[in-house]
Amino acid sequence: MTVTDLTPDTPAAVFAGLLGADRVVPGGAEASAYLRDFSWYSPVLENALADTTVDAVLRPATVEELRACVATAARLGVPVTLRGAGTGNYGQSLPLQSGVVIDVRGIAGVLDVQPGRISVLPGTVVKDAEDAALAGGQELAVMPSTYRISTASGFISGGSGGIGAAANGDLWDDNILAVELLTVEEEPRTVRLEGDNVRPVLHTYGTIGVLTRIEMRLVPAHEYTPLIVAFRDFPALTAFAFDLVAGDLHVRLCSVHEATGAAMLTPIAGLYSPGEDVALLWVDSGDVAALRERVTAAGGRTIDWSAKPHISQFPFSHTILWARKAEPTSSWLQCEYASDRGEFLAQVAALRDRYPGVFLQHVEFATSAGRTRPLGITPLVGLPDHEESLEELIAFCRELGLIVMNPHSYVVEEGGFVGDTAQVVELKTTCDPHGLLNPGKLGDSFFTARGLTPPSARAATARR
Ligand SMILES: Cc1cc2nc3c(=O)[nH]c(=O)nc-3n(C[C@H](O)[C@H](O)[C@H](O)COP(=O)(O)OP(=O)(O)OC[C@H]3O[C@@H](n4cnc5c(N)ncnc54)[C@H](O)[C@@H]3O)c2cc1C
């Protein structure tokens with residue numbers, strides 16, 4: 001079916017009148033590719049989102065066309081879900097109430113590069129922003145491991161951190177300097193947010209406004225060398241990694257994997273021996289010699305990165321991709337360990353004792369305001385179910401003092417990143433007065449309990 005087969009008053013036909021039929025995909029088989037993302041990491045989400053539908057997918061090529069789409073959707077009362085590359089892990093870009101999906105990848109380009117700042121259009125591939133920064137001797141402070149395909153607006157609305165976080169922190173560490181967004185009204189307004197006012201749009205799944213410009217922090221570029229550090233003692237490796245990130249060498253990435261999970265990183269697993277726990281490092285090339293010495297002194301060995309795949313193919317949520325390939329029935333969890341070194345190491349030990357071979361520890365790091373934050377993106381292998389067993393495991397993590405971000409929910413507040421609820425409510429109310437943006441994702445209780453911090457987000461809010 002094409003839009004020309006539709007009666008003129010269907011939403012798809014109305015939008016075809018705006019954009020041209022070739023840039024509107026009517027709901028049905030052709031649109032199905034836009035109803036998939038990486039939420040299949042979770043068996044719970046895979047089930048919950050299996051029947052998602054869409055009336056039409058719109059592919060505007062300019063901000064003005066985007067504005068016209070948004071105005072029309074507001075006039076028709078049609079739900080709007082924005083979409084970048086569709087690499088989100090929690091169904092962020094899958095509409096719960098049908099309506100239109102707007103693919104922003106056509107609205108791409110670097111607008112401006114200044115010392116410490118790059119401004120881009122929403123659909124800009126993050127790698128294009130990184131390349132533009134590198135051309136001037138700078139690099140992105142933080143970017144997702146999917147930076148080769150994911151978009152700037154998708155990253156800040158659906159992601160949280162990634163490569164660079166070990167040195168510069170995550171999205172909430174002043175790495176997103178400003179945004180501009182369209183309100184979802186019959187006459188959309190452009191709203192500019194700067195500094196802390198940006199926070200409500202971070203990781204709130206495109207529910208607040210339609211981003212048209214993103215300004216990201218740049219830092220001086222380094223030349224990096226990828227390396228593998230291997231130990232036969234996971235506690236020693238985690239202690240080494242913590243000290244490395246907290247120390248004086250420049251580390252853009254430090255991705256720690258206990259041996260069972262390390263063996264699942266198939267394309268590089270041949271570089272180390274079975275039973276070795278590894279850290280994948282991207283370090284300043286000038287620091288490599290010092291790093292090698294420290295590894296040897298701590299009882300480990302350094303392995304040169306002679307594998308073809310780029311190091312970005314393995315850390316953060318990429319790890320789960322490899323675990324799912326190796327163990328198709330595996331699942332996952334996201335959590336944050338204590339930033340106190342001793343407490344972190346005690347948590348690592350307690351989890352190994354309680355869930356050997358199940359909770360495969362994979363630790364990334366972020367440095368926030370001088371604090372070293374170990375983050376768990378954990379393959380779960382052989383978990384009997386996602387009800388009692390998962391709840392028991394999450395409860396155990398919480399007893400140990402870990403913060404758990406539940407990746408088995410498409411509701412923002414369950415992920416624990418809402419932040420200041422009052423700020424989010426205020427901006428949502430003024431920017432999306434008809435409640436058309438990605439409806440259902442903020443969670444019902446969010447609205448019924450206006451002004452109150454959702455219980456699931458309290459820990460995360462207190463932390464930030
Ligand atoms: C293998 C793998 C590795 C990953 N690694 C990381 C990682 O290192 N760090 C990390 O943070 N995440 C990671 N992710 C998650 C995801 O890839 C990133 O968050 C990514 O940046 C999302 O970008 P996208 O373009 O695919 O966005 P999409 O998934 O298409 O969208 C994400 C959200 O952004 C919203 N959105 C998109 N454009 C707009 C707009 N213009 N205005 C308002 N809202 C908008 C969408 O509605 C949706 O809610 C990973 C995922 C996978 C599958």
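Every read-out reported here was derived from the displayed coordinates using simple, explicitly stated rules and does not represent laboratory data. The structure displayed is predicted, hence computed values, not measured ones. No Cβ is skipped: glycine too gets one built from the backbone with ideal geometry, and neighbour counts run over all protein chains shown.
Volume of the convex hull of region 299-453 (Cα atoms only), normalised per residue: 185 Å³.
Measuring from centroid to centroid over Cα atoms, what is the spacing of region 181-247 and region 19-66 in Å? One Cα centre to the other: 25 Å.
Dimensions of region 224-405 from C-alpha coordinates, computed as largest minus smallest value along each principal axis and given longest first, are 49, 34, 25 Å.
Given a Förster distance of 35 angstrom, what is the FRET efficiency for Ala50 paired with Asp9, based on the Cβ-Cβ distance and rounded to 0.05?
Details: r = 30 Å, r/R0 = 0.85.
Taking R0 as 35 Å, the efficiency between Ala50 and Asp9 is 0.70.
Once Rh is set to the Kirkwood radius over Cα pairs, what Stokes-Einstein translational diffusion coefficient, in µm²/s, holds for region 222-294 at a temperature of 37 °C and a viscosity of 0.692 mPa s? For the chosen part, D equals 264 µm²/s. Stokes-Einstein diffusion of region 3-103 at 10 °C, 1.306 mPa s viscosity, Kirkwood radius from Cα pairs, rounded to a whole number: 116 µm²/s.
Report, to one decimal in Å, the Kirkwood hydrodynamic radius for region 110-234 based on all distinct Cα pairs. Walk me through the intermediate numbers first.
Values: mean 1/r = 0.0666 Å⁻¹.
Over region 110-234, the inverse of the mean reciprocal pair distance is 15.0 Å.
Once the Kirkwood radius over Cα pairs is known for region 76-137, the Stokes-Einstein relation at 4 °C and 1.567 mPa s delivers a diffusion coefficient of 97 µm²/s.
For a straight C-alpha distance cut-off of 23 angstrom, the lysines reachable from Lys428 (same-chain residues fewer than eight places away being disregarded) are Lys441. When shorter helices are ignored and each DSSP H run of at least 4 residues is given -39500 (n - 2.57), the per-residue value for the chain at 222 nm works out to -8500 deg cm²/dmol.
Give me Lys441, Lys308, Lys127 ranked fewest to most by other Cβ atoms within 10 Å of their Cβ, as a rough exposure proxy.
Values: Lys441 24, Lys308 8, Lys127 16.
Sorted ascending by nearby Cβ count, the order is Lys308, Lys127, Lys441.
Of the Cα atoms belonging to region 261-361, the radius of gyration and Dmax stand at 15.1, 42 Å. On the beta carbon distance between Asp243 and Asp196, with R0 = 25 Å, the FRET formula returns roughly 0.20.
Here the simple spin-label model places points 7 Å from the Cα toward Cβ, and for Gln97 and Glu293 these points are separated by 6.2 nm.
Relative contact order for region 359-399: what is it in percent, counting Cα pairs under 8 Å that are at least 6 residues apart? Could the numbers behind the result be given before it?
Values: 36 pairs, mean separation 13.4, N = 41.
Normalised by residue count, the contact order of region 359-399 is 33 percent.
For the chain, the direction-averaged projected area of the alpha-carbon convex hull comes to 20.8 nm². Classified by the C-alpha gyration tensor, region 19-164 has an oblate form. Its axis ratio a/c, with a ≥ b ≥ c, is 1.5 or above, and a/b does not exceed b/c.
Ratio of region 36-83's C-alpha Rg to 2.2 N^0.38 Å, to two decimals? Output field value: 1.47.
Over the C-alpha trace of region 189-325, radius of gyration and Dmax come out as 18.4, 59 angstrom.
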